[in-house]
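For reference, the structure is listed below as structure tokens.
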Amino acid sequence: MLIWIAALHCEAKPVIDFYRLKKSPAHRGFDLYQNDDMCLVVSGIGKTSAAAATAWVAALQSTCASTAWINLGIAGAASHEIGSAFWVSKITCKSTGQNYYPVPTFSIDFNISACTTLDQASNEYQPSTLYEMEASGFFATATRFSSAELIHCLKFVSDNQHQQSRFEKAAISTLINQHMETIDKFAKNLQLLNQQCMNLKIDNTVWQSILEQARFSMTQQAQLKTVLGYLLSQGFDAEALCQQVSQRTSSREILKQLNQIRLDQSRNL
Amino acid sequence: MVSCVYVEAAVRDHSRTQKILDRYRQTPVVEIEHHGEVFNPRAQNFRLQKSNPALIISSKHQRRVMSAPEGYGLGGQHNYYFSHMLNCLYDCRYCFLQGMYPSAHQVIFVNYEDFADSITEAVELHAPDPVWFFSGYDCDSLAYEPVTRFAEFFVPFIARTENSWLELRTKSTQIRQLLKIEACQRVVTAFSFTEAYSHAKLEHGVPSIAKRIEAMKALSEAGWPIGLRFDPLVYHDNFTQSFARLIEQIFSSIDASHIHSVSLGTFRLPKDNFRQIQRLYPDEALFAQKLELNNAMMGYPLSQEQTMINDCESLLMKYINPETYFPCEWYE
Ligand code: SF4
């Protein structure tokens, strides 16, 4: 699952339109848009709102084996051109001084910049950083649910030293929309990375059907997870494995049989 | 390829940093306060990072030179290790570094002169006894030489520091720097090998056995003492035959009288490292083999371990002087 967090509807709109996300009528608290493999939450402005929305949607998606995240929104910059797009390499929370570092693991077609998360909008500009109001709250919260390689911020310059006037909502959408192809490429790479993590997890339905075969203690469940994780990664069919152990009556016997299959399979690396 | 270079602000202007940055002009550079900010956070996935790690340029202020663990050594009385780098260019699936650090980024400590001071202090403490320094505990000593210029600095330093001995531990073929200078008998370049089958299965990105033997030959012919480390020995049905082929291959190229030291040890990992690595690589056959817990280490059952060691020892003894043999109590 890929989760987008945007502060404003006008920032979210290009993503909603591009992926044809549908608003979920069932959820209150935050506006949620979704399709089968991604969802987007409109958090509202500020790092606290971003953190709350991130935690809220993480709880909603807690059954997902692995989750990737993108915070997307506008930012101020000293001299970068209006409309230029950035992948954020370092997030500094202005009020706490805390730094966070998203981890690049695939090639990134955006410019790269540090960004500073402010508590309040400001017209102060420094050349070395973008300014915005959500990234630190988003990142600090998302790292409680996913590893940093799966959590990223994309920022689009909406104002600079020379042009400080506030953008109309439609103009903000247009500004982000012009990068939608690059954003999509980034999102696809991130989803691939996330898929790698998902492939190493045991599907919940498979896990439940094995657990139904006998009563496993907590220790046995941990052992079962290791054995099953290995066998499934080697292409063993979950149903066939269930079938094979269905004759066994005790959890010990099931574990013993699966373990033997594992030892035979791994003997020659 | 590195994905990004993180540089500690305090060493941004260091000449070694500048030389490294020159090599990565196209790579994004991010300034940081301390390498721990990027390297230590828990919410990181070593496996995901390993496919495209970043470089972190830092300096080491404390504990630069550490006493080696009990049993670590080549017969010397005073043994130390030091790490100018954390993590490795290569990706050996049995490597304990995978479970050691939360991050796969490669950290380079550029304050070599401070390391040299700490080495001098240790040498003076034990004078006139010989003192051994092992590099390549938290990294491969030579693999990153074109970037780190580690050997370029430390080998001449050891050569002029009486009573100091250095082991460079490597799986690389980066010997160009050593060949440029006069051989020093107190610097042992120890090449690690696993036999061909395990090499193919487990040592990702490591140069071929043939290339490493070639490098070893060139060094020994230039007069440098050479070490052989058969560690870890990894079990499979044809292990013994494959190991026999490996040592045949080595000793058909290398004059055994040029060998300074030989050691071997079976695959084993500290229990906690093992758990961590197995969680990262649940699909890896090595960790699904028959392993047992012994003295807080996960390894092959003791009887199997002993058989593997005995078989290898008897094959080795056909070629080497027994005095150069140091049964291995440690793992790489
Ligand atoms: S075992 Fe040695 S060569 Fe292999 S990854 Fe670890 S440090 Fe590098």
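Per residue of A:144-156, how many C-beta atoms from partner chains lie within 10 Å of its own C-beta, taken as a mean?
Mean inter-chain Cβ contacts per residue within 10 Å come to 3.
Could you work out the relative contact order of chain A, using alpha carbon pairs under 8 angstrom and six or more residues apart, expressed as a whole percent?
Here the relative contact order equals 20 percent.
For a Förster distance of 25 Å, can you work out the FRET efficiency between the beta-carbons of A:Gln178 and B:Ala9, rounded to the nearest 0.05?
Working from the Cβ atoms, E equals 0.10.
I need the peptides B:137-145, A:219-227, A:75-83 ranked by packing, meaning the mean over residues of other C-beta atoms within 10 angstrom, with the highest value on top.
B:137-145, A:75-83, A:219-227
Need the C-alpha centroid separation for segment A:157-198 versus segment A:210-232, integer Å.
43
Bins of 5 Å, beginning at zero and ending with the bin holding the largest distance: percent of Cα pairs per bin for segment B:162-293, please.
Reading upward from the zero bin: 2, 9, 18, 21, 17, 13, 10, 7, 3, 0.
Before rounding to the nearest 500, sum -39500 (n - 2.57) across all DSSP H runs of length at least 4 in chain B and divide by the residue total; then give [θ] at 222 nm in deg cm²/dmol.
-10000 deg cm²/dmol
When the convex hull of the Cα atoms of chain A is projected onto a plane and the area is averaged over all directions, what value comes out in nm²?
17.0
Just counting partner chain Cβ atoms within 10 Å, what average do the residues of peptide B:34-46 show around their Cβ?
4
Obtain the nm distance between the two label points defined at A:Met218 and A:Lys201 by a simple spin-label model: each point lies 7 Å from its Cα along the Cα-to-C-beta direction.
Rounded to a tenth, the inter-label distance reads 2.1 nm.
Kindly list the residues of segment B:253-293 that lie in the label zone of A:Gln234, defined by a backbone N under 14 Å from the point 7 Å along the Cα-to-C-beta vector.
B:282-291
Going by how many other beta carbons lie within 10 Å of each one, how would you line up B:Leu286, B:Leu315, fewest first?
Lowest to highest Cβ neighbour count: B:Leu315, B:Leu286.
At a Förster radius of 30 Å, what calculated FRET efficiency corresponds to the Cβ-Cβ distance of B:Gln26 and B:Asp283, to the nearest 0.05?
With R0 = 30 Å, the Cβ-Cβ based efficiency is 0.35.
Just for the Cα atoms in segment A:201-267, what are the lengths along the principal axes, largest first, rounded to whole Å?
In descending order, the Cα extents are 28, 22, 22 Å.
Shielding of A:231-241 by partners, i.e. mean partner chain Cβ atoms within 10 Å per residue?
1
When the Karplus curve 6.51 cos²θ - 1.76 cosθ + 1.60 is applied with θ = phi - 60°, which whole-Hz ³J(HN,Hα) does each residue of segment B:25-33 get, with x for Gly and Pro?
4, 8, 9, x, 10, 10, 7, 10, 7
Could I have the simple spin-label model distance between B:Leu179 and B:Leu293, label points 7 Å from Cα toward Cβ, reported in nm to one decimal?
For B:Leu179 paired with B:Leu293, the spin-label model returns 4.9 nm.
So what is Rg over Rh here for the protein assembly as shown, counting just Cα atoms and using Kirkwood for Rh?
Rg/Rh for the protein assembly as shown comes to 1.02.
How far apart, in nm, are two points set 7 Å out from the Cα along the Cα-to-Cβ line at B:Asp272 and at B:Glu124?
The answer from the label model is 3.5 nm.
Which translational diffusion coefficient, to the nearest whole µm²/s, is obtained for segment B:222-272 from the Stokes-Einstein equation, given a Kirkwood hydrodynamic radius over C-alpha pairs, 10 °C and 1.306 mPa s?
Calculated translational D: 126 µm²/s.
Please work out, to two decimal places, the log10 of the ratio I(q)/I(0) at q = 0.08, 0.09, 0.13 Å⁻¹ from a Debye calculation in which every Cα of segment B:5-324 carries one identical scatterer.
Taken in order of the listed q values, log10 I(q)/I(0) reads -0.37, -0.47, -1.03.
For chain B, what's the relative contact order in percent, using C-alpha pairs closer than 8 Å and at least 6 residues apart?
Worked out over chain B, it gives 15 percent.
Readers should treat all values here as calculations from the given coordinates under stated rules, not as data from a laboratory. If you're wondering where the values come from, they're calculated on a predicted model, not measured in any experiment. Quick reminder, even Gly has a Cβ in these numbers, built from the backbone with ideal geometry, and neighbours come from all protein chains shown.
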